[in-house]
């Protein structure tokens, strides 16, 4: 399984958690992203337009950063709704590392 597929599954899980955090934990998010456009938050749907890349190095880098940004935003929302702390220091650390790797390319 490619790392892209794995990351997409994690993103879908977070989008589902985000929708349930906003609408209640029994909110129907269907199965495997089905009808995503009907149940996901509109701002999440808009942000998802930039998380899929073409087969181009710069576009892949941009999509990775957009994915991280979206995951951070909705992860923070979900953590807040659950009364949990989002791991900001870990997020900053990995974001800095990814950005430095991308600059070195």
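The values are calculated or read from the model by the stated rules, or taken from the named source; none is laboratory data. A quick note: this is a predicted structure, and the numbers were derived from the prediction, not measured. As a convention, Cβ positions derive from the backbone with ideal geometry for all residues, glycine included, and neighbour counts pool all protein chains shown.
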Would you confirm, using the coordinates I've provided, whether residue 78 is touching a helix residue (DSSP H, G or I) at 6+ places or on another chain (Cβ under 6 Å), surrounded by 16 or more Cβ atoms within 10 Å (Cβ to Cβ) and modelled with pLDDT under 95? no
Within the range 33-69, how many residues turn out to be more than 15 Å from the chain's Cα centre (by Cα) and loosely packed, with under 13 Cβ neighbours inside 10 Å? 9
Of the residues in the range 15-40, those that are at pLDDT 95 or above and closer than 24 Å to residue 62 by Cα come to 15, 16, 18, 40
When residue 15 is run through (1) under 25 Å from residue 104 (Cα atoms); (2) touching a helix residue (DSSP H, G or I) at 6+ places or on another chain (Cβ under 7 Å), the failure sits at (1)
